[in-house]
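Below: the structure, in structure tokens.
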Amino acid sequence: MADKPEKRSPAVGSPEETARREKRYNVPDACQQYIKLRVKRGDEFVPAILGNFSRNGILFESPVPFSQGEHTACTISISLVLSHEISFDIEVRYCYADQVSHITGASIDTISDEIWFDAFVEVYDLIVLRQGSV
């Protein structure tokens with residue numbers, strides 16, 4: 001999944017691409033088993049696969065589509081390391097069908113706990129280092 005979204009991500013120089021000001025962290029396939037992402041759809045949360053993230057945005061794959069401009073909530077955690085979930089709100093920038101799933105790019109509106117988000121980035125770096133270069 002981590003490689004697929006990059007093939008269809010916004011073109012270099014597009015408004016979405018030039019708006020990126022933060023480092024984007026790609027999530028290699030080998031690391032996805034440790035990261036749990038859930039996105040609110042209606043009254044319940046659906047599981048999603050995290051493709052990449054930054055402090056300002058997120059790219060994920062889910063079984064359900066989202067509409068451009070839609071605002072919703074997400075939770076993220078790393079299994080076996082943190083028992084704390086990080087909640088944040090997103091605004092969907094784009095969503096397209098990819099075989100049997102949907103690829104969604106969104107901007108992050110608010111993060112419930114900035115310190116835990118920063119801790120997530122540090123733990124993410126540790127997981128990637130332990131996996132080696134992917």
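Listed values, structure above:
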{"read-out": "Options Glu61, Glu85, Glu91; residue that is out of contact with any Lys or Arg (no Cβ under 6 Å at 6 or more places or on another chain) and modelled with pLDDT under 95", "value": "Glu85"}
{"read-out": "Residue within segment 19-38 that is in a strand (DSSP E or B), hydrophobic (A, V, I, L, M, F, W, C) and at pLDDT 75 or above present", "value": "yes"}
{"read-out": "Test set (1) among the hydroxyl-bearing types (Ser, Thr, Tyr); (2) outside any strand (DSSP E or B); (3) modelled with pLDDT under 90 - Thr110 fails condition number", "value": "(2)"}
{"read-out": "Total residues in segment 71-82, condition modelled with pLDDT of 80 or more and surrounded by 15 or more Cβ atoms within 10 Å (Cβ to Cβ)", "value": "6"}
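The values are calculated or read from the model by the stated rules, or taken from the named source; none is laboratory data. On a predicted model such as this, the values are computed, not experimentally measured, just so you know. Positions of Cβ are generated from backbone atoms using ideal geometry, with glycine treated the same way; all protein chains shown enter the neighbour counts.
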